[in-house]
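Here's the structure, in structure tokens; my notes come after.
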Amino acid sequence: MKALQLIIEGNWAHFKKPETNNNPLTHDFITKTALIGLIGAVLGKERNEMQPLFPQLSNDLLYGVQIINPVKKESWGFTMRKAVNLLEKAPKHLEFLKSPKFCVAISLCDARSEKIFAAFAEALKNSESRYTPVLGLHNCPAILKFQSEGEFLGKQSGQFQAKCVVSNKHILNIQETRQFRIGFERIPTFQNDDFWNLPEKYVEVIYPSENREIAVTGEYYKYSIGECWWLI
């Protein structure tokens with residue numbers, strides 16, 4: 001499968017957990033659905049163009065994430081004003097990721113989206129973007145850096161060293177000497193043409209923070225340069 005890697009970073013990020021509407025919390029890292037929105041921004045896709053592309057790219061692309069910087073969160077308060085009545089205030093708190101940095105792998109698993117995949121890769125190589133890519137919110141701009149291009153071999157199974165997010169179905173070979181955080185998350189992997197993240201498409205994952213690695217047993221894909229990734 002054709003693949004590429006890129007670095008995604010910024011000062012702040014907010015990938016909203018939909019079950020926290022009043023004072024929204026953020027996922028610990030960029031989700032697949034947020035990544036698809038970022039691809040649309042780079043390629044200059046309008047909202048009406050993205051409507052059918054969300055389910056298409058959810059199916060046609062696989063992605064994996066390595067969390068390079070430690071996961072640090074801060075809550076900030078805002079005073080929201082309604083457009084119909086500027087005197088009516090609504091205090092709101094949002095949780096943000098501070099100094100997020102990820103290495104993201106994207107693989108093309110269906111030729112239907114090959115043109116989009118190729119256009120995104122070319123834009124990354126040329127440091128081009130039609131619209132400003134963001135990390136969840138428009139006041140959280142993203143910096144994108146092309147990392148590499150290659151291929152993922154077919155799905156394999158066995159023990160491997162993982163720097164990336166893996167499934168909660170992987171078996172962790174925990175060593176007592178480790179001194180870094182292992183995180184747990186539940187993330188969306190599919191958005192339909194109504195911009196709705198389908199609840200049944202959420203997956204539970206485990207990740208090592210700070211670009212560390214853990215020994216796990218389970219399914220993985222091998223990248224051209226020898227790295228092993230679990231892809232969603």
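The values are calculated or read from the model by the stated rules, or taken from the named source; none is laboratory data. Everything numeric in this text was worked out from a predicted model, so none of it was measured. Quick reminder, even Gly has a Cβ in these numbers, built from the backbone with ideal geometry, and neighbours come from all protein chains shown. Keep in mind that these areas ignore ligands, DNA and RNA; they rest on the heavy atoms of the full protein, side chains included. Shrake-Rupley method; radii C 1.70, N 1.55, O 1.52, S 1.80 Å.
Observations, loosely collected:
- Label sites at residue 129 and residue 172, each approximated as a point 7 angstrom past Cα along Cα to Cβ, lie 3.2 nm apart.
- Gain in span if fully extended, residue 195 to residue 211, counting 0.36 nm per residue against the direct Cα distance: 2.6 nm
- Applying 0.36 nm per residue to the separation of residue 204 and residue 49 and subtracting their alpha-carbon distance, the gain on full extension is 52.8 nm.
- Theoretical gain in end-to-end length, residue 146 to residue 225 [0.36 nm per residue, Cα-Cα removed]: 26.9 nm
- Carbon-plus-sulfur accessible fraction, the chain (probe radius 1.4 Å, protein heavy atoms only): 49%.
- Anisotropy class of the chain from Cα gyration tensor, a/c 1.5 cut: oblate
- Surface accessible to a 1.4 Å probe, per residue, for the residues of the chain, Å²: 53
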